[in-house]
Amino acid sequence: MNPSSLSTAPTGEARTALQDFISLTKPRIISLLLVTTVAPMFVAGDPTWQQVLLVTLGGYLMAGGANAVNMYVDRDIDDSMARTRTRPIPSGRMGARAVLAFGVAIATAATFLLGRFVNPLTAALALGGFYFYILVYTRWLKRTTPQNIVIGGAAGAFPPLVGWAAVTGRLDLTAVYLFLIIFFWTPPHFWALALLKQVDYGRAGVPMAPLVWGERETMDQMLWYTFILLGLTLLPATFGAFGVVYLASALVLGLILLYGVIRIRRETVWAKPAWWVYKYSLLYLALLFAAMVVDRSLT
Amino acid sequence: MSPTLSFVVFFLAAALAVVGQLLVLRDGLAGRTPAAGAGTAARLREALWITIPAIALALTLWATWRALPARTAGSTAATTGPVATLEISGGPR
């Protein structure tokens, strides 16, 4: 017997298990959520590095827990979609109950961390986002209405409230704007992906907008929501929340997004512009929040 | 930003947002964005889902209008404190 094979096999298994646990939290998606959590902290005030570290860790654990529980709830349909087939549960690498337990455990740890070391409002808001994502989006709306993305988008809009509350201990009009910006950003962002993955969603029985309304109407809706988003992103500058640097950035970034959405509607082969909008919208949100921080640091 | 510019940006941005929201409502009411299921209950739920964001937007625009510096500067005598504040306090630690 080769002794080295005895020592490497468990290590390899442990590594795979670790990778699976990490993948349950959807780290790539969380990275943008953390940008929209941490940036508002620097807009709201002057956070200490301990506050930033605690909120980042708490935010990661809460969002990661929500993503893991989401994979537990969606385990019956994940196998029918190419995008989700390789997840730990449908691929048979992890048991459903273990995933649920993991998700609940890290969300509980996040609640304790935020409640004990940051403040109760921050913990309540993070937990609110968790429950909204699991109960309102995943359990209720995702499989019943094409408006799932619109209302469900509120779950992804909690992070800026968490960051804001961590520094100020309260919410105000600027925080509401940060929430609404993500809320109205979600439809054009996610429907670009839904247009591209509609066969997958159809196979899983998820009534995404392109399947129920048709591609053309979905593209129209993307445009209407981009109008709302563009308007909303400019408004915080009017009551003094941000200055001219932010206003100019929001206008330019928003006009580029608007152009991308118009291209989807105009071109007969819309797959390429739809991919572009999906990817650019991610960058758009990160840059918009970065512009808020830069603007605040200049004033 | 000058109060005049604030006013101009407010009206342009609010108009853009309101037009977008009205188009969403129009499509919903005209049946262009139907519900996934059949029946009156599904249609009513769908109407509710498009109305909630519209109400949130209207309330936010109203709060923003009340917070405009030019407006508050011109009516300081009429107001007794900061306007358009929404505070949910959790106590910073």
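The values are calculated or read from the model by the stated rules, or taken from the named source; none is laboratory data. Small disclaimer: the values here were computed from a predicted structure and weren't measured. Cβ sites come from the backbone with ideal geometry, for glycine too, and all protein chains shown count toward neighbours.
Scanning for something outside any helix (DSSP H, G or I), farther than 22 Å from A:I181 by Cα, at pLDDT below 95 and at the interface with another protein chain (Cβ under 9 Å from one of its Cβ atoms), does the range B:20-32 turn up at least one residue? Spell out the reasoning first.
Within the range B:20-32, the subset outside any helix (DSSP H, G or I) is B:30-32.
Keeping just the survivors that are farther than 22 Å from A:I181 by Cα gives B:30-32.
Still in the running and at pLDDT below 95: B:30-32.
Then keep just the ones that are at the interface with another protein chain (Cβ under 9 Å from one of its Cβ atoms); that gives B:32.
Looking for residues that are outside any helix (DSSP H, G or I), farther than 22 Å from A:I181 by Cα, at pLDDT below 95 and at the interface with another protein chain (Cβ under 9 Å from one of its Cβ atoms), one finds at least one in the range B:20-32, hence yes.
The set of residues in the range A:156-205 that are hydrophobic (A, V, I, L, M, F, W, C) and at pLDDT below 95 comprises A:V199, A:A204. A:A155 satisfies every condition listed in (1) under 25 Å from A:M41 (Cα atoms); (2) in contact with a Pro (Cβ under 9 Å, 6 or more places away or on another chain); (3) of a type in the set (G, A, S) except (2).
Among the residues here, A:T144 qualifies as in contact (Cβ under 8 Å) with a residue 60 or more places away in the chain, among the polar types (S, T, N, Q), in the same structural domain as A:R75 (by TED's automatic domain parsing) and not in a helix (DSSP H, G or I).
Hey, any hits in the range A:107-125 for a residue that's assigned to a helix (DSSP H, G or I), more than 8 Å from chain B (Cβ to nearest Cβ), in contact with an Asp or Glu (Cβ under 7 Å, 6 or more places away or on another chain) and surrounded by fewer than 23 Cβ atoms within 10 Å (Cβ to Cβ)? No, every residue in the range A:107-125 fails to be assigned to a helix (DSSP H, G or I), more than 8 Å from chain B (Cβ to nearest Cβ), in contact with an Asp or Glu (Cβ under 7 Å, 6 or more places away or on another chain) and surrounded by fewer than 23 Cβ atoms within 10 Å (Cβ to Cβ). The helices (runs of 4 or more DSSP H) found wholly in the range A:189-299 and carrying at least 2 residues that are closer than 28 Å to A:I77 by Cβ and among the acidic types (D, E) occupy A:215-234.
Condition test on A:I89, is it in contact with a Gly (Cβ under 8 Å, 6 or more places away or on another chain), farther than 30 Å from A:A291 by Cα and hydrophobic (A, V, I, L, M, F, W, C)?
Details: in contact with a Gly (Cβ under 8 Å, 6 or more places away or on another chain): yes; farther than 30 Å from A:A291 by Cα: yes; hydrophobic (A, V, I, L, M, F, W, C): yes.
Spelling it out, A:I89 is indeed in contact with a Gly (Cβ under 8 Å, 6 or more places away or on another chain), farther than 30 Å from A:A291 by Cα and hydrophobic (A, V, I, L, M, F, W, C).
Checking the condition within 12 Å of chain B (Cβ to nearest Cβ) and at positive phi, which residue from A:G169, A:G128 passes? Show your work before the answer.
Numbers: A:G128 fails: at positive phi.
Only one candidate passes the filter, namely A:G169.
Does A:S31 satisfy the criteria of being surrounded by fewer than 17 Cβ atoms within 10 Å (Cβ to Cβ) and closer than 15 Å to A:A157 by Cα? It is true that A:S31 is surrounded by fewer than 17 Cβ atoms within 10 Å (Cβ to Cβ) and closer than 15 Å to A:A157 by Cα.
Taking the range A:196-227 as the range and being within 17 Å of A:P273 (Cα to Cα), aliphatic (A, V, I, L, M) and away from chain B (no Cβ under 11 Å) as the test, the residues that pass are A:L196, A:M219.
Residues in the range B:33-76 that are modelled with pLDDT under 95, farther than 24 Å from A:R143 by Cβ and at the interface with chain A (Cβ under 7 Å from one of its Cβ atoms): 3 in all.
Is it true that some residue in the range A:108-118 is in contact (Cβ under 8 Å) with a residue 12 or more places away in the chain, in contact with a Ser or Thr (Cβ under 9 Å, 6 or more places away or on another chain), more than 21 Å from A:D76 (Cβ to Cβ) and not hydrophobic (A, V, I, L, M, F, W, C)? Scanning the range A:108-118, I find no residue that is in contact (Cβ under 8 Å) with a residue 12 or more places away in the chain, in contact with a Ser or Thr (Cβ under 9 Å, 6 or more places away or on another chain), more than 21 Å from A:D76 (Cβ to Cβ) and not hydrophobic (A, V, I, L, M, F, W, C), so the answer is no.
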